Structures are given as C-alpha cells and as structure tokens.
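The values are calculated or read from the model by the stated rules, or taken from the named source; none is laboratory data. Because the structure is a prediction, the values reported are computed rather than measured. All Cβ positions, even for glycine, are placed from backbone atoms using ideal geometry, and neighbour counts span all protein chains on display.
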Amino acid sequence: MLLPGPAKKVCIYLNEDTISDKDYLSREIMAILYDLRVAGATVLRPAAGFGSHHHLHPSGSGIDADPHMPVRIDFLESPERVDAILPLLEKLVVDGLIEVHDTTIVKSVMTDKSEAQSGEPAR
C-alpha cells in the first residue's frame, strides 16, 4: 500500500507493437508490475503521437489503425521500490524512454479505508 508522503512516478514510453521475448512489451511490463505488487499502474493510449523518429502516428480504427502507435505506462511507488524496479525496466525497454518524477502522495484511498476500520488515523 502506498502511504501519503514521498513517492516516485515512473512514465515509460514505447510503441504499442514493440515486442519482447514473451509478448508485447507493454503487456510484459504490466504483468511484471502486477507480479511485483506495485501500488498501481496504467497504460495510456493517445489519439496521436510521434517519437524520436519524428513520424506522426495518427489515430484510426480498423484498417486505418496504426499498429506503431505510442503508449505510455505510468506507475507510482515508494522511492525505495522504484529504485529496486528500475534496473529490470532498463533492461526490458531497449527502444523507448523511461522518466522518473519525484512526487508526494497527499491522500490514499486505502489509507482512508484503514482509518475507517480502526477508528484511528493511519500512521
């Protein structure tokens, strides 16, 4: 559980069709984050985008869909956990970008639930 206080937000940028040894890389990263029990992760798919190659990938559907669309995976975790997870992500993401932001968790729904159950503020 991610408690209020210092945290890090990790953003991973890659293409939707980037593959790994096991699956599409975005799916493999999400499975790893889930197995590592990170506090939460989200895959974001934009309407359009371009990367370092400066090729615009517009939105579309059906036969017009661009399989090379960019995706972004975001997750929040404690600084210590992020520091432990980053080396694994750096090995996996060979074509993409990883950025890390220092942030502060102000409120956590899980914290509020534990307060309600115990009747005392979580520490």
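Scanning region 13-26 for residues that are touching a residue at least 24 places away in the same chain (Cβ under 8 Å) and either more than 19 Å from Ala47 (Cβ to Cβ) or in contact with a Phe, Trp or Tyr (Cβ under 6 Å, 6 or more places away or on another chain) (or both) turns up Thr18, Ser20, Leu25. One residue stands out among those in region 9-38 that are in a helix (DSSP H, G or I) and small (Gly, Ala, Ser): the one that is farthest from His53 (Cα to Cα), which is Ala31.
Look at (1) assigned to a helix (DSSP H, G or I); (2) at pLDDT 95 or above and you find that His101 fails only one, number (1).
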